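Down below is the structure, laid out as structure tokens.
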Amino acid sequence: MLPLVVRIDADDTRSAEQLKLDGWREEDVLVSYSRENPRRMPSPNVRRARADECESVAALATRTFHPKNKTEWVREAFARDDRVVYVEESTDGSVAGFLIVRYDKNNLVIDLIGSAVRKSGTGRRMVETVEWLSGYRYTRAGTQENNIVARQFYAALGFNMKRYRRTFYK
């Protein structure tokens, strides 16, 4: 069973204190980003993942996000109708990267992204291809405040920081 999650604006100290009194624990601060889709041509190596690639993507996610194990997150994304998993295929046919997205109103939303090799262009190609395929005008993404690599990635792609939100679990 997944934990209950509440997100509040980072400067809402009154709600934060009440949540703590009610037994919620603060886990992290989420930084939200957004950008208008640049409509670049898609990469031919980025495609929707096949069901038989679930374990390969889960293994890559675990290596990418060590020590946080994202295996269950990936498996759940493959099983859900409201999530789509994309992969970039390397020249030898293996999974070079993955991108899990969902669609929210008029936005493409990035849930999780990972690459076997950082700074290889895989992340950029996947994001731009999926933006192209989605037809949505805007893309949103979020990451933890302390995830400097992800924050630099989104900044390099031209995403603008929108807001900080504190995350509480119970």
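Values computed for the structure shown
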{"item": "The stretch 1-69, accessible surface, carbon-and-sulfur percent (1.4 angstrom probe)", "result": "52 percent"}
{"item": "Karplus (6.51, -1.76, 1.60) ³J(HN,Hα), θ = phi - 60°, over the stretch 69-75, in Hz, Gly and Pro reported as x", "result": "7, 9, 4, 5, 4, 5, 4"}
{"item": "Amide hydrogen neighbours beyond the local backbone of residue 70, cut-off 5 Å, H modeled", "result": "62"}
{"item": "Lysine pairs within the chain, Cα separation less than 20 Å, 8 or more sequence positions apart or different chains", "result": "4"}
{"item": "Whether the stretch 78-162 is rounded, prolate or oblate, judged on the alpha carbon gyration tensor where a/c under 1.5 counts as rounded", "result": "oblate"}
{"item": "Candidates 139, 129, 13: whichever shows maximal mean-square fluctuation once the chain is modelled as a Gaussian network with Cα springs under 10 Å", "result": "13"}
{"item": "Point-to-point label distance, residue 51-residue 72, nm (Cα→Cβ direction, 7 Å offset)", "result": "2.3 nm"}
{"item": "Cα-only radius of gyration and Dmax that characterise the chain, units Å", "result": "16.6, 54"}
{"item": "Check: the chain dipole with +1 on Lys, Arg Cβ and -1 on Asp, Glu Cβ, in debye", "result": "400 debye"}
{"item": "GNM top mover of 152, 144, 18 - the chain, alpha-carbon springs below 10 Å", "result": "18"}
{"item": "Label point 7 Å beyond Cα of residue 4 along Cβ direction - residues of the stretch 23-39 with amide nitrogen under 14 Å", "result": "23-26"}
{"item": "Nitroxide proxy distance, nm - points 7 Å out along Cα→Cβ at residue 28 and residue 94", "result": "2.6 nm"}
{"item": "Residue-level accessible surface for residue 12, protein heavy atoms, 1.4 Å, Å²", "result": "50 Å²"}
{"item": "3J(HN,Hα) from dihedral phi, the stretch 112-127, Karplus parametrisation 6.51/-1.76/1.60, rounded to Hz, x for glycine, proline", "result": "7, 9, x, 9, 5, 10, 5, 6, 9, x, 4, x, 4, 4, 5, 4"}
{"item": "Per-residue [θ]222 nm for the chain (sum of -39500 (n - 2.57) over DSSP H runs n ≥ 4, rounded to 500)", "result": "-9000 deg cm²/dmol"}
{"item": "Cut-off under 5 Å, modelled amide H: who pairs with residue 96 long-range", "result": "88, 89, 90"}
{"item": "Whole-number accessible area per residue in Å² for the chain, which is evaluated in the context of all protein chains at 1.4 Å", "result": "59 Å²"}
{"item": "Potential lengthening between residue 120 and residue 145 on full extension [0.36 nm per residue; Cα-Cα distance subtracted]", "result": "6.7 nm"}
{"item": "Simple spin-label estimate for residue 17 and residue 161 in nanometres, 7 Å along Cα-Cβ", "result": "2.6 nm"}
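The values are calculated or read from the model by the stated rules, or taken from the named source; none is laboratory data. Fair warning: this is a prediction, and the values are worked out from it, not measured in the lab. In this analysis, Cβ positions are derived from the backbone assuming ideal geometry, glycine residues included, and neighbour counts consider all displayed protein chains. The accessibility values were calculated without ligands, DNA or RNA, using every heavy atom of the protein model including side chains. Shrake-Rupley method; radii C 1.70, N 1.55, O 1.52, S 1.80 Å.
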